[in-house]
Amino acid sequence: MKKIRDLKIFSSLSEEEIAHLERISQIYELNEGEVLFSEGDEDRDIFVVIEGAIAIKKKISGGEKTLAILKEGEIFGEMALFEKQPRSATACAVQRTEILRIEGENFEKFIQEKPE
């Protein structure tokens, strides 16, 4: 299993910052087709793909459209956190996927304390 410190997106963080991030996050495994969050959900957590792939899908008339396929190291879900709006799309696993879930409220505090 990869660790937070192995993700390129966090490579510039100090050991102290990595430790803090580890305290406010959890690693989850999703099976193929499993929904992480749905369009309209109210949560504010953000996510990083550790391994596997996540499809971001949007409801359209007559069905659903895949907007993006996110892979290792890509962050998503941040729009709901920063815009304080419900989820604008659905996120589901394309294959067996491991993700990092960072608690939104605690992440906001983290970036306020460590804006660099």
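Give 73, 77 a once-over and let me know the one that is in contact with a Lys or Arg (Cβ under 7 Å, 6 or more places away or on another chain) and either among the basic types (Lys, Arg) or surrounded by 13 or more Cβ atoms within 10 Å (Cβ to Cβ) (or both). Full working, then the answer.
On the way: 77 fails: in contact with a Lys or Arg (Cβ under 7 Å, 6 or more places away or on another chain).
Exactly one of 73, 77 is in contact with a Lys or Arg (Cβ under 7 Å, 6 or more places away or on another chain) and either among the basic types (Lys, Arg) or surrounded by 13 or more Cβ atoms within 10 Å (Cβ to Cβ) (or both), namely 73.
Has segment 50-68 got any residue that is open to solvent by less than 70 Å² (accessible area, probe 1.4 Å), under 17 Å from residue 6 (Cα atoms), touching a strand residue (DSSP E or B) at 6+ places or on another chain (Cβ under 8 Å) and basic (Lys, Arg)? No, segment 50-68 contains no residue that is open to solvent by less than 70 Å² (accessible area, probe 1.4 Å), under 17 Å from residue 6 (Cα atoms), touching a strand residue (DSSP E or B) at 6+ places or on another chain (Cβ under 8 Å) and basic (Lys, Arg).
Considering only residues that are among the charged types (D, E, K, R) and open to solvent by 60 Å² or more (accessible area, probe 1.4 Å), look in segment 80-93 and name the one that is farthest from residue 44 (Cα to Cα). Let's see the steps before the verdict.
Start the filter on segment 80-93 by keeping residues that are among the charged types (D, E, K, R), which leaves 83-84, 87.
Next, only the ones that are open to solvent by 60 Å² or more (accessible area, probe 1.4 Å) stay: 83-84.
On the way: 83: 9, 84: 7 Å.
Going through the qualifying residues, I end up with 83.
Scan segment 99-115 for residues that are touching a residue at least 24 places away in the same chain (Cβ under 8 Å), part of a helix (DSSP H, G or I), within 17 Å of residue 4 (Cβ to Cβ) and open to solvent by 20 Å² or more (accessible area, probe 1.4 Å) and the total you get is 2.
Considering each residue of segment 94-106, count those that are within 21 Å of residue 42 (Cβ to Cβ) and more than 12 Å from the chain's Cα centre (by Cα), and give that number.
Restricting attention to segment 94-106, the residues satisfying the condition of being within 21 Å of residue 42 (Cβ to Cβ) are 99-106.
Still in the list and also more than 12 Å from the chain's Cα centre (by Cα): 105-106.
The number of residues fulfilling the criteria is 2.
Every condition in (1) farther than 22 Å from residue 3 by Cα; (2) open to solvent by 20 Å² or more (accessible area, probe 1.4 Å); (3) under 11 Å from the mean Cα position of the chain (by Cα) holds for residue 37 except the one numbered (2). Of all residues in segment 13-33, those that are within 15 Å of residue 100 (Cα to Cα), open to solvent by 40 Å² or more (accessible area, probe 1.4 Å) and either touching a Cys at 6+ places or on another chain (Cβ under 6 Å) or not aromatic (Phe, Trp, Tyr) (or both) total 7. Reported count of residues in segment 17-42, each being within 25 Å of residue 111 (Cβ to Cβ) and either touching a helix residue (DSSP H, G or I) at 6+ places or on another chain (Cβ under 7 Å) or of a type in the set (S, T, N, Q) (or both), is 7.
The values are calculated or read from the model by the stated rules, or taken from the named source; none is laboratory data. Every value quoted in this text rests on a predicted model; they were computed, and no experiment measured them. All Cβ positions, glycine included, derive from the backbone under ideal geometry; neighbour counts span all protein chains shown. We work out accessible area using only protein heavy atoms, side chains counted, and drop any ligands, DNA or RNA first. Shrake-Rupley method; radii C 1.70, N 1.55, O 1.52, S 1.80 Å.
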